[in-house]
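First comes the structure, then the notes that go with it.
Computed from the coordinates by the stated procedures, all read-outs in this text should not be read as laboratory data. The model shown is predicted, which means the values in this text are computed figures rather than measured ones. No Cβ is skipped: glycine too gets one built from the backbone with ideal geometry, and neighbour counts run over all protein chains shown.
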Amino acid sequence: MAMLSIRDMVKGIKERQFTPLEILDKYWARIEKVEDKIKAFISLKPYQELKKEALFLEKNPEGRMTGVPIALKDNINVRGFMTTCSSKVLQNYKPPFDATVAELLKKEGALILGKTNMDEFAFGSSTENSAYQITRNPYDLSCVPGGSSGGSAAVVASGMAPLALGSDTGGSIRQPSAFCGAVGFKPTYGRVSRYGLVAFASSLDQIGPLAKNVEDIWLALSVISGRDEKDPTSSSNPPINYPGKNWQPSVVGFCPDLLEEGVDENIKDSFYEAISIYKGLGVTVKEVHLPHIKYGLSIYYLLASSEASSNLARFDGLRYGQRVKGETYNEMIENTRGIGLGREAKRRILLGTFALSSGYYDAYYLKALKARALIREDFRQVFTEVDLILMPTTPSQPFKIGAKADDPLQMYKADLFTIPVNLAGLPAVSIPLSLKNDLPVGIQLIGRHFEEEQILNAALMLEQERGEFPPPKLPFLCRSETS
Ligand code: GLN
């Protein structure tokens, strides 16, 4: 039952082959077996409350997601849960409202199990920057799950829920999905409402789904996308269709740029495997170049940190944030932020404040904005020649816990291939292609603005050719329990 696609799960519930409670019990049993080792959740709803909701859904099975257990990253507000963003400064914050995505999912009958661990305020690529716990990669417990939506990726990969939401500012959905053998989709900027998402970098942030297969991602996108009056940056385009149109790409571009920037051989091999899969399917594959994406990392860290420094100013212990006392007003703010924020958050605030300060604004922030426009233009040009662009998702496979924790620059490089996509506001997916040394490798497909359906179709083709992706072995379970 737990291996069903979401569509079949909902269908089975509607046709009364099984009940939402039976589904919940399957996943709950799984959580009880694996969560102790994986540590993907920051908070979980008590079973008795979930049971009540499941019984209600049994009588009211109209929604398109009836009875589907889901998990949301801990920077997405859900009434009744804390939203900590994995930060000490928000450890007691209970939002009085639902994010639009949470509201939409609930309306369709999804069952929100809990909130997932992340890098503090989504700063990071390994989930090690959480103030609360280390999440482990289900494929190798000594490795990181990626980040910053590492908890969401680990939940899906270890079978604790069929669907999770994450947020992606520079790669935080796609990179952990690649590390955990999940499919992760970052929609076009503006496609999904950001209302109720705690802002990191408002010109880059997007919410998106992580799941085991493309079909489930498609359904989830159809539920969460669309115009929202509460988010002025949300687009007026209609929600993504599900089931959508069938479409075959005629030309896929492969972009070998950045491959010489210390990219692992296993990653390059998988990239070329993906190219030959498309060729084998009769798709024209053409080499393309994006001359400015090599500046992506530098541009991103200036812009994202600048926006973060401004967005995080609200956590001062007055309106938001766990207040730490001081003798004077300044001392109180100093204590609140000094104790409440972690090292990476402070690093970003310092960098961003510096880049925005008078005298440096033109040299850093403004220059980065201009360079961002060049990257957008690179993509626009290439998309006049091809329908989709194929690139690796990550430069490496999952690394060991602790391996990069003290080297911010190495950590930043984990998003080499994902960041340019956010800078251009484009939609992209990461889909798992193969296991190498028993660890997953993902491949990234990028599409034109608002052409999510084309990415999904092309991803389905790749998935069909690949076949079933091997689940993690989870060494602490006995053999009969592993799937
Ligand atoms: N790893 C990148 C960063 O640390 C991207 C994070 C994200 O997408 N939230 O900023």
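What the table below lists for this structure:
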{"read-out": "Ascending count of other beta-carbon atoms within 10 Å, so fewest first, for Cys85, Cys180", "value": "Cys85, Cys180"}
{"read-out": "Separation in nanometres of the label points that stand 7 Å from Cα toward Cβ, at Gln17 and Tyr47", "value": "2.6 nm"}
{"read-out": "Table column - 3J(HN,Hα) (Hz), the stretch 412-423, Karplus curve with 6.51, -1.76, 1.60, x for Gly and Pro", "value": "4, 5, 4, 10, 3, 8, 8, 4, x, 5, 5, 4"}
{"read-out": "Distant-in-sequence amide H partners of Ser225 (H built 1.01 Å from N, under 5 Å)", "value": "Ile240"}
{"read-out": "Pairwise FRET efficiency - Glu287 versus Lys473, Cβ, R0 = 30 Å, nearest 0.05", "value": "0.20"}
{"read-out": "Highest to lowest packing among 30-37, 117-124, scored as the average C-beta count within 10 Å", "value": "117-124, 30-37"}
{"read-out": "Least to most buried among Phe354, Phe450 (fewest other Cβ within 10 Å first)", "value": "Phe354, Phe450"}
{"read-out": "Net charge, Asn330 excluded, C-beta distance under 12 Å - Lys, Arg +1, Asp, Glu -1", "value": "-3"}
{"read-out": "Built amide H within the under 5 Å cut-off of Gly253, gap 5+", "value": "Lys286, Asp387, Leu388, Ile389, Leu390"}
{"read-out": "P(r) histogram, all alpha-carbon pairs of the chain included - 20 Å bins from 0, percent", "value": "26, 60, 14, 0"}
{"read-out": "Relative contact order of the chain, pairs being alpha-carbon contacts under 8 Å that are 6 or more residues apart, as %", "value": "17 percent"}
{"read-out": "Simple label model, 7 Å out from Cα along Cβ direction - Leu141 to Asn92, nm", "value": "3.5 nm"}
{"read-out": "Protection proxy ranking of 271-278, 52-59, 181-188, 435-442 - average other beta-carbon atoms within 10 Å, highest first", "value": "181-188, 435-442, 271-278, 52-59"}
{"read-out": "Beta bridge orientation in the chain: antiparallel %, DSSP, nearest 5", "value": "65 percent"}
{"read-out": "At R0 = 22 Å, FRET efficiency that the Cβ-Cβ distance of Leu369 and Lys346 yields, to 0.05", "value": "0.35"}
{"read-out": "Amide hydrogen neighbours beyond the local backbone of Ser434, cut-off 5 Å, H modeled", "value": "Val441"}
{"read-out": "Peptide ranges 392-405, 143-156, 454-467 listed from the most packed, as the mean C-beta count within 10 angstrom indicates", "value": "143-156, 392-405, 454-467"}
{"read-out": "Extended-chain gain in nm, criterion 0.36 nm per residue less alpha-carbon gap, Asn330 and Tyr295", "value": "8.8 nm"}
{"read-out": "Sorted by Cβ neighbour density within 10 Å, fewest at the top, the residues Leu210, Leu258", "value": "Leu258, Leu210"}
